[in-house]
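K.L.:
Mind looking over this structure? Questions follow.
The values are calculated or read from the model by the stated rules, or taken from the named source; none is laboratory data. Bear in mind that the values here come from a model prediction, so they are computed numbers and not experimental data. Using ideal geometry, Cβ is built from the backbone for each residue, glycine included, and neighbour counts are taken over all protein chains shown. For accessibility, only protein heavy atoms count, side chains too; no ligands or nucleic acids. Shrake-Rupley method; radii C 1.70, N 1.55, O 1.52, S 1.80 Å.
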Amino acid sequence: MVGLKEELLKSIWHAFTALDLDRSGKVLSHNLCTVLNVPHDPVALEEHFRDDDEGPVSNQGYMPYLNKFILEKVQGNFDKVEFNRMCWTLCAKKNLSKSPLLISDEDAFKVWVIFNFLSEDKYPLIIVPEEIEYLLKKITEAMGAGWQQEQFDHYKIALNTSQEGLSAWELIDLIGSGQFSRGMDRQTVSMAINEVFNELILDVLKQGYMLKKGHKRKNWMERWFVLKPNIISYYVSEDLKDKKGDIILDGNCCVEALPDKDGKKCLFLIKCLDKTFEISASDKKKKQEWIQAIQTTVNLLRAGSPPPHKEARQKRKELRQKLLAEQEELERQMKELQAANENKQKELETVRKQLEAAAARAAEEEKKRLQTQTELQDRFSLELEREKMVRQKMEEQVAQKSSELEQYLQRVRELEEMYKQLQEALEDEKQARQDEETVRKLQARLLEEETAKRAELEKWHLQQQQTIQMTEAEKQELENQRMVKEQALQVAMEQLKQLELERKEALQQYEEVKKKLETAANNTKSWKDKVAHHEGLIRLIEPGSKNPHLITNWGPAAFTEAELEERQRSWKGKKATSE
């Protein structure tokens, strides 16, 4: 039904575009319902074509009505020729050329219908050059003339340069002009157009006179047979006015050749499910053509394939679509290649400009290099002369340098002696730092003992005050204890004074060690200044301590671990003696 709808739309499109829809749309719709055997719906028609602002009286508005109320109700039980003639009547007067043609109006109508069959499925309708060639070949073969391929190639080239294809009216003008039927009379051209019309539009696969044997009287009568894709109709004559019957074809039918009998020759038999038909052709050639045509039709029915001309049209359309897709793909690739080529050209142009710029820079650099080389040569000559003079001066200075070398060696020896003295001063400084650390530790211990004694005295003082506050009965005993404690306090005070003297003595020793340390530091600084004065000749190397360093609150200790232990034993002895 989709294919039928497309065929109907093409004819309706011609009629639709030729009419003024505001005035004749109702007439077109009514005529379509009549020729297509579709029930007429006057309410829907009036609703669609009402004369107000909301009525969709437009190209877009007519199609929904056409699809919904007409085309969707088409069942196929209508006369195609009558339908096409109605559409032709509505559009021919407006579009048909006024110039005289070599074909009649009836032939122009048939060409118009053939155009709708062969045209592309896009609007406005056109027939492409490939289909024009196919149609002209069919007409030329039907006329019995030879096909002029070279003539059509020239016409095709001229056509492709101006437009994609021809409209229906341009095709009628082309065939009616006689450009491809020269030497043929009007009747021959008309017969050829009619034959092509019968094949492509009426699906007539073969037709002609043959004898048919009757089923009741068993007599032989001449009939005009018309073979279509699923039926063979036979008429009294070729004007098709008096139809005598049909032979319904399906996949179960078969056709067989029969031997001559009863004075009849060129016999063949058509077997159907309900009937068998005996037919006699005019000659063996016609017999074989009819047998082959009927058998081909049955085979197509068994395979469910369309008629040959429709299948060929579909294949040509698919081939054109394939070629168009390939052409579009090729054009896309060509555009990509062109774009890539343009990019390459731009890149090459950029590279060329870069090379030109590089060449210009190279030339400039070469010019500068030559100039520099000339300047260097001149400078080299001057330097060479200067070097000769310097060499002479150097030779004079060699002798002077020899004496200076002797002086330098003497200075080195002096520096070595100074280095030894500096090492001794560093040893003295190290010893002074160790003594200082020992005194610091001793002083810290004395301060701690003094603090402890003071705390103890404070405690005794508090206890004495508590004792005074006791009862009168305990005063005597407490007085005795107080005397004892006062004596102990007196002894502690004496010890405290002794510790104070020892602390002062240690502080005095610390001051002496500090002075020694400052003296040693000054000596070291003076030696360092002397060494710095001769820094370019010899580098001062300070010996490191082999013993591990002790760290105190004031920095690295000035005493070794053995000296510290000796001082601790001395301090403990003094402490024991004072106690």
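K.L.:
Test ILE247 against the stated conditions and say whether it is under 19 Å from HIS215 (Cα atoms) and either of a type in the set (A, V, I, L, M) or touching a Leu at 6+ places or on another chain (Cβ under 7 Å) (or both).
P.N.:
For ILE247, the condition - under 19 Å from HIS215 (Cα atoms) and either of a type in the set (A, V, I, L, M) or touching a Leu at 6+ places or on another chain (Cβ under 7 Å) (or both) - is met.
K.L.:
Checking the condition modelled with pLDDT of 90 or more, open to solvent by less than 40 Å² (accessible area, probe 1.4 Å) and not assigned by the TED database to the domain that holds GLN288, which residue from LEU159, LEU136 passes?
P.N.:
LEU136
K.L.:
Which of the following residues is at pLDDT 90 or above, part of a helix (DSSP H, G or I) and open to solvent by 80 Å² or more (accessible area, probe 1.4 Å): GLN392, GLN338, GLN327, GLN400?
P.N.:
None of the others qualify; the one that does is GLN338.
K.L.:
I'd like to check something: does segment 311-323 contain any residue that is among the aliphatic types (A, V, I, L, M), over 30 Å from LYS206 (Cα atoms) and open to solvent by less than 80 Å² (accessible area, probe 1.4 Å)?
P.N.:
no
K.L.:
Continuing with the same structure: Considering only residues that are assigned to a helix (DSSP H, G or I), more than 19 Å from LYS310 (Cβ to Cβ) and open to solvent by less than 40 Å² (accessible area, probe 1.4 Å), which ones fall in segment 83-111?
P.N.:
MET86, CYS87, TRP88, CYS91, ALA92, ASP107, ALA108, PHE109
K.L.:
Right, here's the next one. Tally the residues that are in a loop (DSSP other than H, G, I, E, B) and touching a residue at least 24 places away in the same chain (Cβ under 8 Å), restricting the search to segment 193-224.
P.N.:
6
K.L.:
On to the next question. Pull out all pairs, ordered by first then second residue, where Cβ-Cβ is under 9 Å, the residues are six or more apart or on different chains, the first lies in segment 440-458 and is open to solvent by 70 Å² or more (accessible area, probe 1.4 Å), and the second is assigned to a helix (DSSP H, G or I) and aromatic (Phe, Trp, Tyr).
P.N.:
These pairs meet every condition: ARG445/TRP571.
K.L.:
If LYS156 satisfies every condition in (1) touching a Pro at 6+ places or on another chain (Cβ under 6 Å); (2) closer than 21 Å to HIS40 by Cα but one, which is the exception?
P.N.:
(2)
K.L.:
Is segment 74-82 home to any residue that is touching a helix residue (DSSP H, G or I) at 6+ places or on another chain (Cβ under 7 Å), within 30 Å of THR188 (Cβ to Cβ), modelled with pLDDT of 85 or more and open to solvent by 20 Å² or more (accessible area, probe 1.4 Å)?
P.N.:
Yes: one or more hits.
K.L.:
For segment 241-260, which positions are touching a residue at least 12 places away in the same chain (Cβ under 8 Å), touching a Phe, Trp or Tyr at 6+ places or on another chain (Cβ under 9 Å) and open to solvent by 80 Å² or more (accessible area, probe 1.4 Å)?
P.N.:
LYS244
K.L.:
Of the conditions (1) more than 30 Å from ASN116 (Cα to Cα); (2) not in a helix (DSSP H, G or I), GLN288 clears all except one; give me its number.
P.N.:
Evaluating GLN288 over (1) more than 30 Å from ASN116 (Cα to Cα); (2) not in a helix (DSSP H, G or I) leaves (2) as the failure.
K.L.:
Another one. Can you say whether LEU489 is over 60 Å from the mean Cα position of the chain (by Cα), buried (at least 16 other Cβ atoms within 10 Å of the Cβ) and at pLDDT 85 or above, as far as the supplied structure shows?
P.N.:
Against the criterion (over 60 Å from the mean Cα position of the chain (by Cα), buried (at least 16 other Cβ atoms within 10 Å of the Cβ) and at pLDDT 85 or above), LEU489 qualifies.
K.L.:
With respect to LEU21, determine if the residue is hydrophobic (A, V, I, L, M, F, W, C), modelled with pLDDT of 70 or more, under 53 Å from the mean Cα position of the chain (by Cα) and outside the structural domain of TRP112 (by the TED database).
P.N.:
No: the conditions fail for LEU21.
K.L.:
For segment 225-268, which strands (runs of 3 or more DSSP E) that fit wholly inside it have 2 or more residues that are among the aromatic types (Phe, Trp, Tyr)?
P.N.:
Those strands (runs of 3 or more DSSP E) span 231-235.
K.L.:
Count, please, the residues in segment 288-299 that happen to be of a type outside the set (S, T, N, Q) and open to solvent by 40 Å² or more (accessible area, probe 1.4 Å).
P.N.:
1
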